[in-house]
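Novice: Before we start, here is the structure in question, set down as structure tokens.
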């Protein structure tokens, strides 16, 4: 593949980049990267607005699903709570690039055992442990209560997020990296083994970003876009083999070979997807 | 910023430390301006070119040629060997993969990065970077195709079935084989050898990255030999049993001999493999704990050689010819009938070019012993006339079998070499 000699950071302009501190340190960067306005800047701005709407939509759905889930916990409806757990989390996992911007809320909602000191541990996974290991909702009402508060707070804060093209570019691959590092290993939902729900949601979230950037990407490199689409299809084909009714099989029902197959399919997708930054290049 | 300081430091010692490559690389990153002003890039280049390239030329094995490198190349210190499964079902993907691999390997073997350094911060770098600044370290990258590339589950996967050589079939099951799926077979292989393991790993890593979506890792094994630094006399390396291994090997500098023993010749089989070679790989676990508690006499009887000198029984020096006929006063052959040296040699009519490496993979989780042994790699013109009869003899009665277990096995046809502009595999795929 021919390498493009690039001249652009492009998007830097008006929007505040996340993690721009490191950028400021590298003063030499500004020399080599001439902030040339890309032809597609307007296009990318439209995309960030669309993504914002998508992410807020998912967070809103997450609020509703969390409400149903926490209500079930508080009512002691353990089976109902268990059936709501996996699907509810999918909304959060789809919108993860946005959700995790709030470094204080993400651990409260989504920390796994051992991620935070025991005394501070609450949120989805704490309740998961109650439902599947302790097999009770008793004593977990307070966690349900707090979780709902935190999710409501997340919804309120999401409005303040500034979505930049960089957030999208890194977010797409980050979602798949999440899959590679914690879903594939089965450690995300270690009590309920509903990891495939999170897995699928991360992939869907990445695909959404891809779809938004696809028109711009196709102008720069049609072949990469085609490859990405083919690899998404491969991953979905594999995931579909593990569907069960409305949802997915338990992660523990997968053979070692099937887990490896999923992992390698994610690698095969994430490699071309990592070229999505091509959209920043001036044509 | 740090880079600039480096350059200034180095420039006091120009010629010895900065190679032309370094400068170009640094220039690519930007910030070479400091030196430019001071001395002018042109002048600097002319100084470094003469000295640095001569030094580097010693560490570069040419990638292009009639045959692939890494076969008759003097054995480097390390190997990183991988077997791959092809996941794409399209022949054009496979062809593109070999084209991309060829380009990348040609760069890698010159100690270069696999892609230009992109200055776009929003893209991952083309090259993974861990070999930046390192010499080519005599890197060779050798590609092979396995039987399952042609036919798998009775499917003619890529329309190549009619090109499958009759010699390129799964090896027969030998007595005592304890093969494990996870160490066996493969559609393709890459053998990366270098005098530096990081350089070898970097090559494989980048080639696997290029293959993503087309091929996946099936198994991987590193191997080592004593380094050239540790063995300035360049003696035959010792295996993990402490014995010299590979004393009898055909002379890689004898072209006639190589054509006879190693390179596939016209008329041997399909023309596409002429100037290629068959590679047999065996991952042989060595029970070193057991070995270490056997007596020296037992150890030497096992090999039929003296441990210290490497000389065959009854001789003084390592390279003295074997005396297969000599008997002791009890009427037994001095070189025991079940000794490794005697059985490997047979009647001397079969030879293989061995390029074996030791491996150590931490602990065997089942037993708590070392998982260590030999990554046996050998090249030949005809497995059915070379490796297979030798291994049949060894598997039946080699005394060494008490201390080893063959856990992995694969056969590949290493493709012929190519010229700049061509690609490895062109004779097979076109």
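Novice: Filter the stretch A:225-237 down to residues that are farther than 15 Å from residue B:212 by Cβ and within 19 Å of the chain's Cα centre (by Cα) and give me whichever is surrounded by the fewest Cβ atoms within 10 Å (Cβ to Cβ).
Specialist: Going through the qualifying residues, I end up with A:233.
Novice: Let me ask something else about it. Restricting attention to the stretch B:299-323, which residues are outside any loop (DSSP other than H, G, I, E, B), in contact with a helix residue (DSSP H, G or I) (Cβ under 9 Å, 6 or more places away or on another chain) and within 20 Å of residue B:402 (Cβ to Cβ)?
Specialist: Of the stretch B:299-323, the ones outside any loop (DSSP other than H, G, I, E, B) are B:299-303, B:305, B:312.
Adding the requirement that they be in contact with a helix residue (DSSP H, G or I) (Cβ under 9 Å, 6 or more places away or on another chain) leaves B:299, B:301-303, B:305, B:312.
Scanning the stretch B:299-323 gives B:299, B:301, B:302, B:303, B:305.
Novice: Given the criteria over 30 Å from residue B:121 (Cα atoms), in a helix (DSSP H, G or I) and within 14 Å of another protein chain (Cβ to nearest Cβ), does residue A:226 qualify?
Specialist: On the way: over 30 Å from residue B:121 (Cα atoms): no; in a helix (DSSP H, G or I): yes; within 14 Å of another protein chain (Cβ to nearest Cβ): yes.
Judged against the criteria, residue A:226 is not a match.
Novice: Please give the helices (runs of 4 or more DSSP H) falling wholly within the stretch B:338-430 in which 1 or more residues are under 30 Å from residue B:292 (Cα atoms) and modelled with pLDDT of 95 or more. Spell out the reasoning first.
Specialist: Working: elements: B:340-345, B:387-397, B:426-429.
So the answer is B:340-345, B:387-397.
Novice: Here's another thing I want to ask about it. Every residue in the stretch B:153-169 that is closer than 21 Å to residue B:265 by Cα and either touching a helix residue (DSSP H, G or I) at 6+ places or on another chain (Cβ under 8 Å) or in a loop (DSSP other than H, G, I, E, B) (or both), please.
Specialist: Pass one, the stretch B:153-169, residues closer than 21 Å to residue B:265 by Cα: B:160-169.
Scanning the stretch B:153-169 gives B:160, B:161, B:163, B:164, B:165, B:166, B:167, B:168, B:169.
Novice: Restricting attention to the stretch B:120-134, which residues are more than 13 Å from chain A (Cβ to nearest Cβ) and surrounded by 21 or more Cβ atoms within 10 Å (Cβ to Cβ)? Before the answer, list the steps.
Specialist: Quick first cut of the stretch B:120-134, residues more than 13 Å from chain A (Cβ to nearest Cβ) only: B:129-134.
Listed by number, the list holds a single entry, B:131.
Novice: Let me ask something additional. Those residues that are out of contact with any helix residue (DSSP H, G or I) (no Cβ under 6 Å at 6 or more places or on another chain), within 12 Å of chain A (Cβ to nearest Cβ) and buried (at least 19 other Cβ atoms within 10 Å of the Cβ), I need them from the stretch B:105-119; list them, please.
Specialist: Listed by number, the residues that qualify are B:113, B:118.
Novice: Touching a residue at least 12 places away in the same chain (Cβ under 8 Å), out of contact with any strand residue (DSSP E or B) (no Cβ under 7 Å at 6 or more places or on another chain) and surrounded by fewer than 17 Cβ atoms within 10 Å (Cβ to Cβ): which single residue out of B:384, B:309 fits that description? Spell out the reasoning first.
Specialist: Details: B:309 fails: touching a residue at least 12 places away in the same chain (Cβ under 8 Å).
Only one candidate passes the filter, namely B:384.
Novice: Sticking with this one: Is it the case that residue B:182 is more than 14 Å from every other protein chain (Cβ to nearest Cβ) and out of contact with any helix residue (DSSP H, G or I) (no Cβ under 6 Å at 6 or more places or on another chain)? Please lay out each step first, then the result.
Specialist: Numbers: more than 14 Å from every other protein chain (Cβ to nearest Cβ): no; out of contact with any helix residue (DSSP H, G or I) (no Cβ under 6 Å at 6 or more places or on another chain): yes.
Spelling it out, it is not the case that residue B:182 is more than 14 Å from every other protein chain (Cβ to nearest Cβ) and out of contact with any helix residue (DSSP H, G or I) (no Cβ under 6 Å at 6 or more places or on another chain).
Novice: Within 11 Å of chain B (Cβ to nearest Cβ), buried (at least 16 other Cβ atoms within 10 Å of the Cβ) and out of contact with any strand residue (DSSP E or B) (no Cβ under 8 Å at 6 or more places or on another chain): does that describe residue A:281?
Specialist: Criteria met by residue A:281.
Novice: Can I ask one more? Residues being at pLDDT below 95 and buried (at least 19 other Cβ atoms within 10 Å of the Cβ): count how many of those fall in the stretch B:136-191.
Specialist: 0
Novice: Another one. Is it the case, given these coordinates, that residue A:135 is out of contact with any strand residue (DSSP E or B) (no Cβ under 6 Å at 6 or more places or on another chain) and at positive phi?
Specialist: Details: out of contact with any strand residue (DSSP E or B) (no Cβ under 6 Å at 6 or more places or on another chain): yes; at positive phi: yes.
In short, yes.
The values are calculated or read from the model by the stated rules, or taken from the named source; none is laboratory data. Here the structure is a predicted model, which means the values were calculated and not measured. Using ideal geometry, Cβ is built from the backbone for each residue, glycine included, and neighbour counts are taken over all protein chains shown.
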